[in-house]
């Protein structure tokens, strides 16, 4: 019988303790916690109160190097395609055209002073596929591909999640491709005329050396 | 719902009379009913389906059906190179991404046989312990929700938010970090990080006590979990249980102590095991207590790491990361203590490729869940909810 009443007593007291905590919070609810970011020195000294933010009027600030939407500074891209190869989900699609020698000046240099040798008519990032792992960012030799702190970029149509960064329009790209093909054909013709006799003995010599080396 | 038809006339009927007594009535004409719990049931923590054969309100047998979240982790691993697998390990146990990454990186580093800078080791331990607290907060909060206590959940998530912010600050992402890399870290920690983590520890200590008062000591909660779903230690070991589940059954087994990795041997912390004073060893309440006590131990570990972490001027956390990871031919099994138990990776390398020949993950949740059939026998349906909650499954890891 005494156990029965002691059970009721512990039940009532523990519930009252819980209620007291809730009540404390209830009275605190007239105050509001601010939206200070974690890099703010007073982050843990904010007032104890409501901690819900009224999105989208208020947002939790993202840290400056937050890994969210991908961005390419295409002026610095040298078209090495390392990001495309490294991406685990294959969300990057790149197409490159070799720059002809007379176009090198037009193609320009990166901000690091490196001569660009590729046109990049197509640099598409499917942000719907991107899992923001940051591997592409780590392999980029010119640091032109990076995640930005923009976290809210939802769209109603999934096709709008495809971001285009290419530095040539379709017509321009066609012209460059044609120019390169012409120049290559010209070079091949010249090679056939002058360099053909010189080029032929070389492959013959190579197989003769190889078995000798192996023995 | 589907009826199995009438059971045989001399069938038995199990009835729970009160908390402790179960009476079995014979020669009663009863009908079994198949009740499907999940995959949309809110108490199944994701997409787990339980097919319960019930006799009235008593569960005769409950069988878990998995695979709703299967993402072919192993097949993925055969097609991406070693660093590319790290983001996928985040997505296995998405509540404790850092711990999954740590386990994977330890395994590959074992295969490569490379040294890790001491500062990196300490940062790794700090972030994984922070993540362990975050994961336990979710486990405790959702367990409260399962049993009808909604308030503790909100308190848990308020505190978890701070950990999420801390981890976002150093890694750039809130849940899927890709922070721990093979041979190093993605970034060094920000200048104020140590100060802020120390502030978090002082902030969180009283909150953990408050949470204890709010949930763990609450009589209604205790009544719902005390003496429910008892798992004896020997059966737990035979099932291959690990982590808080095994410790809840009274076995002092923690990989941080029993198979030490990283800098854990230098750190001073206890492995909490229930002593049977507040709970019956092996019941749902013991498992809950282990998680609640472990958060305090994690705080201790973090404090010690902050003291011991060497300060290096101009530290480059990526300096020792190999350019091309191509391990020698061989196989390796590495494991680490996840918030949910032993997470292990078995990796086979053929010595030629930059991709693993095979990468198998040993998931703790999956193994812990396998005892569901045993645990649920003869329990009431509301108790079944308490049992699933106490296992603390993350379906992302169960299905992989």
If you take the residues in the range A:102-143 that are within 20 Å of residue A:176 (Cβ to Cβ) and buried (at least 19 other Cβ atoms within 10 Å of the Cβ), which one is nearest to the chain's Cα centre (by Cα)? A:123
Checking B:250, B:243 in turn, the sole residue that is on the phi > 0 side of the Ramachandran plot and touching a residue at least 40 places away in the same chain (Cβ under 8 Å) turns out to be B:243
Looking for something closer than 25 Å to residue B:80 by Cβ, more than 14 Å from chain B (Cβ to nearest Cβ) and in contact with a helix residue (DSSP H, G or I) (Cβ under 6 Å, 6 or more places away or on another chain) - is there at least one such residue anywhere in the range A:101-121? no
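Would you kindly identify the helices (runs of 4 or more DSSP H) lying entirely within the range A:81-186 that contain at least 1 residues that are within 22 Å of residue B:179 (Cα to Cα)? Break it down stepwise before answering.
On the way: elements: A:82-86, A:104-107, A:135-139.
It comes to A:82-86, A:135-139.
For residues in the range B:349-367 being touching a strand residue (DSSP E or B) at 6+ places or on another chain (Cβ under 8 Å) and in a loop (DSSP other than H, G, I, E, B), which is nearest to residue A:87 (Cα to Cα)? Explain how you work it out, then say what you get.
Going residue by residue through the range B:349-367, those that are touching a strand residue (DSSP E or B) at 6+ places or on another chain (Cβ under 8 Å) are B:349, B:351, B:356-365, B:367.
From what is left, the residues that are in a loop (DSSP other than H, G, I, E, B) are B:351, B:356-357, B:363.
Values: B:351: 23, B:356: 17, B:357: 19, B:363: 26 Å.
That would be B:356.
I'd like to know if the range A:26-35 contains one or more residues that are under 35 Å from the mean Cα position of the chain (by Cα), within 30 Å of residue B:77 (Cα to Cα) and within 12 Å of chain B (Cβ to nearest Cβ).
If we filter the range A:26-35 for residues that are under 35 Å from the mean Cα position of the chain (by Cα), which is where we start, we get A:33-35.
If we keep only those that are within 30 Å of residue B:77 (Cα to Cα) as well, we get none.
Among the residues of the range A:26-35, not one is under 35 Å from the mean Cα position of the chain (by Cα), within 30 Å of residue B:77 (Cα to Cα) and within 12 Å of chain B (Cβ to nearest Cβ), which makes the answer no.
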Considering each residue of the range A:26-37, count those that are touching a helix residue (DSSP H, G or I) at 6+ places or on another chain (Cβ under 8 Å) and in a helix (DSSP H, G or I), and give that number. 0
Kindly provide the set of residues from the range A:104-130 that are modelled with pLDDT under 80 and within 11 Å of residue A:163 (Cα to Cα), ordered by number. none
Limited to the range B:55-96, what total is found for residues that are within 26 Å of residue B:354 (Cβ to Cβ) and within 14 Å of chain A (Cβ to nearest Cβ)? 21
Out of the residues in the range A:70-88 that are under 10 Å from the mean Cα position of the chain (by Cα) and more than 12 Å from every other protein chain (Cβ to nearest Cβ), which is farthest from residue A:150 (Cα to Cα)? A:83
Sole miss for residue B:175 among (1) under 27 Å from residue B:306 (Cβ atoms); (2) under 23 Å from the mean Cα position of the chain (by Cα); (3) outside any helix (DSSP H, G or I); (4) within 10 Å of chain A (Cβ to nearest Cβ) is condition (4)
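Would the range A:38-46 turn up any residue that is touching a helix residue (DSSP H, G or I) at 6+ places or on another chain (Cβ under 9 Å), in contact (Cβ under 8 Å) with a residue 24 or more places away in the chain and either within 9 Å of chain B (Cβ to nearest Cβ) or not in a loop (DSSP other than H, G, I, E, B) (or both)? It would help to see each step written out before you state the result.
As a first pass, look at the range A:38-46 and keep what is touching a helix residue (DSSP H, G or I) at 6+ places or on another chain (Cβ under 9 Å): A:38-39, A:41, A:43-45.
The next check asks that each one be in contact (Cβ under 8 Å) with a residue 24 or more places away in the chain; those that pass are A:38-39.
Going one step further and asking which of them are either within 9 Å of chain B (Cβ to nearest Cβ) or not in a loop (DSSP other than H, G, I, E, B) (or both), we end up with A:38-39.
Yes, the range A:38-46 has at least one match.
Is it true that some residue in the range A:37-48 is surrounded by 14 or more Cβ atoms within 10 Å (Cβ to Cβ) and farther than 27 Å from residue A:137 by Cβ? Let's see the steps before the verdict.
Looking only at the range A:37-48, we keep the residues that are surrounded by 14 or more Cβ atoms within 10 Å (Cβ to Cβ), and these are A:37-40, A:43-44, A:46.
Checking the rest, the ones that are also farther than 27 Å from residue A:137 by Cβ come to A:44, A:46.
Yes - at least one qualifying residue is present in the range A:37-48.
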If I ask for residues that are out of contact with any helix residue (DSSP H, G or I) (no Cβ under 9 Å at 6 or more places or on another chain) and loosely packed, with under 14 Cβ neighbours inside 10 Å, which ones from the range A:53-91 would you list? A:54, A:55, A:56, A:57, A:58, A:59, A:64, A:75
Pull up the range B:187-224, narrow it to residues that are more than 10 Å from chain A (Cβ to nearest Cβ) and not in a helix (DSSP H, G or I), then point me to the one that is surrounded by the most Cβ atoms within 10 Å (Cβ to Cβ). B:189
Residue count, the range A:159-173, condition in contact with a strand residue (DSSP E or B) (Cβ under 8 Å, 6 or more places away or on another chain) and either modelled with pLDDT of 85 or more or crowded, with 17+ Cβ neighbours inside 10 Å (or both), comes to 9
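The values are calculated or read from the model by the stated rules, or taken from the named source; none is laboratory data. If you're wondering where the values come from, they're calculated on a predicted model, not measured in any experiment. For neighbour counting, all protein chains shown are included, and Cβ atoms are generated from backbone atoms with ideal geometry for every residue, glycine included.
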